[in-house]
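The values are calculated or read from the model by the stated rules, or taken from the named source; none is laboratory data. Being a predicted model, the structure only gives us computed values, none of them experimental. Cβ sites come from the backbone with ideal geometry, for glycine too, and all protein chains shown count toward neighbours. Surface accessibility is based on the protein's heavy atoms, side chains included, excluding ligands, DNA and RNA. Shrake-Rupley method; radii C 1.70, N 1.55, O 1.52, S 1.80 Å.
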Amino acid sequence: MGKSRLMDPYFTELGRTVYARWKAVDFSLEAFPDIAAKALGEKPPARHADLGKLMVDFLLNDEQPYQSSSGFGQPELILHDNPKFYIQALFWMDGTTDIHQHGFSGAFHVMAGSSLHARYDFLKQRSVTARFRTGELKLRETALLPTGTTVPIASGSGCIHSLFHLETPSVTIVVRTHSDPGTDPQFTYLPPHVALDPIQNDTLTLRRKQLLDVLEQIEDPSYPKLVLRLIGDLDLERGFFILQNGIGYLRSLGVWETVWAAFVKKHGAKARPLLPALEEILRRDAIVAMRATVTDPDLRFFLALLLNLPDRERILGMVAKRYKGDPVSTVSQWALELIDLGEEYPRILDAVFPDQTSVPEEERPGVFLAALDHFLRGGKLPAGLRGVSKHDLALLGRALAKSSWSLLRRKS
Ligand SMILES: [Fe+2]
């Protein structure tokens with residue numbers, strides 16, 4: 001096969017179209033997202049470009065645009081390069097992006113696979129430093145983006161979003177500016193209250209966190225005391241990073257409350273919004289870790305919903321859109337597949353069977369699943385739970401309420 005036959009001219013043509021139309025409006029930044037989205041929509045890459053050919057061409061043909069060393073995408077390939085903008089293909093192997101905004105603008109197109117897209121607003125913003133803000137992150141809307149969908153991207157905090165890619169790989173095509181001056185940093189959001197610059201240029205803090213990790217790994221008994229001294233001395237932003245790094249370990253040591261109290265003592269009311277953000281990091285990390293062990297696409301979809309949607313209505317709505325029948329029954333069926341029998345105490349996702357019940361060991365999985373189903377449905381106590389004491393039911397309810405299942409609780 002000759003090289004000329006390998007080349008797919010689609011992206012060159014797309015690049016030329018976008019360039020000509022943008023030039024005609026004097027490269028107005030405001031006009032760019034619309035121009036990019038229209039060009040992608042008129043002749044969608046999902047239908048007009050050949051992904052297989054593109055991959056073979058990229059591997060065998062040396063004549064490629066300049067490639068970046070970006071760590072975004074798995075990988076990111078640059079398909080067309082222009083001093084004013086470029087076109088990239090992003091492959092996604094493991095699903096999710098953080099909640100983020102962009103310092104560039106343009107449009108993206110779902111070329112292969114499909115994605116769950118969530119958009120947010122960050123209200124009541126307050127700058128702590130140039131790279132760290134607090135505020136209220138509110139979900140604006142969610143949508144399922146099937147193959148072929150195009151979405152414009154604006155730079156800055158007007159376009160805060162996250163994507164969960166449902167198939168592996170998912171491929172998005174992005175037509176984008178290099179960067180839009182004045183819209184940096186590209187904040188990452190830690191719901192519900194924090195925005196931070198993900199580019200870790202505070203290398204002193206980075207090294208301190210790594211040094212603390214050394215102490216953690218060798219189980220050095222001075223770890224909690226050193227963290228307390230650090231927290232007593234550091235500013236809000238740096239203190240937050242030390243807490244974020246250590247919260248899981250400090251909890252397991254049983255000293256988290258003491259460390260948190262020291263942080264609040266130092267920073268007062270400014271510290272308080274950071275606690276729910278730290279707790280949400282732990283919850284998400286647990287779900288992300290589980291996702292790494294789950295390959296079934298339906299279960300992965302469910303975990304994505306728990307990571308990306310904030311409440312029962314939206315999660316069950318999304319389940320009902322994709323699966324026939326009662327969405328609560330679908331979720332209960334997934335719980336049955338997700339239950340981890342463990343040794344003594346079964347787990348369903350991040351909920352652990354409580355350790356102070358009188359429920360015999362062999363009955364715990366069945367009771368836990370029935371309790372979860374009841375937690376999701378509300379109403380009368382089902383037959384499977386009638387032999388369980390009120391005290392044990394309360395413990396089970398509390399275990400579920402402090403897990404990710406709390407998102408799905410039936411509010412009566
Ligand atoms: Fe994005």
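So which of Leu139, Leu116, Leu145, Leu90 ends up being within 15 Å of the ligand (Cβ to nearest atom), more than 21 Å from Tyr10 (Cα to Cα), touching a residue at least 60 places away in the same chain (Cβ under 8 Å) and surrounded by 16 or more Cβ atoms within 10 Å (Cβ to Cβ)? Outline the logic, then answer.
On the way: Leu139 fails: within 15 Å of the ligand (Cβ to nearest atom); Leu145 fails: touching a residue at least 60 places away in the same chain (Cβ under 8 Å); Leu90 fails: more than 21 Å from Tyr10 (Cα to Cα).
Step by step, each of Leu139, Leu116, Leu145, Leu90 is checked, and only Leu116 is within 15 Å of the ligand (Cβ to nearest atom), more than 21 Å from Tyr10 (Cα to Cα), touching a residue at least 60 places away in the same chain (Cβ under 8 Å) and surrounded by 16 or more Cβ atoms within 10 Å (Cβ to Cβ).
Please tell me if Val110 is over 22 Å from Ile199 (Cα atoms) and either more than 11 Å from the ligand (Cβ to nearest atom) or at pLDDT 90 or above (or both).
Details: over 22 Å from Ile199 (Cα atoms): yes; either more than 11 Å from the ligand (Cβ to nearest atom) or at pLDDT 90 or above (or both): yes.
Yes, satisfied.
Out of Leu275, Leu303, I need the residue that is crowded, with 18+ Cβ neighbours inside 10 Å and either of a type outside the set (Phe, Trp, Tyr) or modelled with pLDDT of 90 or more (or both). Which one?
Details: Leu275 fails: crowded, with 18+ Cβ neighbours inside 10 Å.
Being crowded, with 18+ Cβ neighbours inside 10 Å and either of a type outside the set (Phe, Trp, Tyr) or modelled with pLDDT of 90 or more (or both) holds for just one of Leu275, Leu303, which is Leu303.
If we only count helices (runs of 4 or more DSSP H) wholly inside the range 302-390, which ones have 2 or more residues that are polar (S, T, N, Q)? Full working, then the answer.
Working: elements: 312-322, 327-338, 364-377.
So the answer is 327-338.
Identify the single condition in (1) out of contact with any helix residue (DSSP H, G or I) (no Cβ under 9 Å at 6 or more places or on another chain); (2) away from the ligand (no atom under 16 Å from the Cβ); (3) among the polar types (S, T, N, Q) that Gln64 does not satisfy, given that it satisfies every other one.
Exception for Gln64: condition (1).
When you look at Ser127, is it surrounded by fewer than 13 Cβ atoms within 10 Å (Cβ to Cβ), among the polar types (S, T, N, Q), away from the ligand (no atom under 16 Å from the Cβ) and at pLDDT below 95, yes or no?
Details: surrounded by fewer than 13 Cβ atoms within 10 Å (Cβ to Cβ): yes; among the polar types (S, T, N, Q): yes; away from the ligand (no atom under 16 Å from the Cβ): yes; at pLDDT below 95: yes.
The answer is yes for Ser127.
Is it true that some residue in the range 187-205 is more than 15 Å from the ligand (Cβ to nearest atom), surrounded by fewer than 16 Cβ atoms within 10 Å (Cβ to Cβ) and assigned to a helix (DSSP H, G or I)?
For the range 187-205, residues more than 15 Å from the ligand (Cβ to nearest atom), surrounded by fewer than 16 Cβ atoms within 10 Å (Cβ to Cβ) and assigned to a helix (DSSP H, G or I): present.
Condition first: within 15 Å of the ligand (Cβ to nearest atom), open to solvent by 20 Å² or more (accessible area, probe 1.4 Å) and either small (Gly, Ala, Ser) or out of contact with any strand residue (DSSP E or B) (no Cβ under 8 Å at 6 or more places or on another chain) (or both). Now tell me which residues in the range 159-183 satisfy that.
Let us first name the residues in the range 159-183 that are within 15 Å of the ligand (Cβ to nearest atom), namely 159-165, 170-177, 179-180, 183.
This time we only want the ones that are open to solvent by 20 Å² or more (accessible area, probe 1.4 Å), so: 176, 179, 183.
Once the filter is applied, which keeps residues that are within 15 Å of the ligand (Cβ to nearest atom), open to solvent by 20 Å² or more (accessible area, probe 1.4 Å) and either small (Gly, Ala, Ser) or out of contact with any strand residue (DSSP E or B) (no Cβ under 8 Å at 6 or more places or on another chain) (or both), the range 159-183 yields only Ser179.
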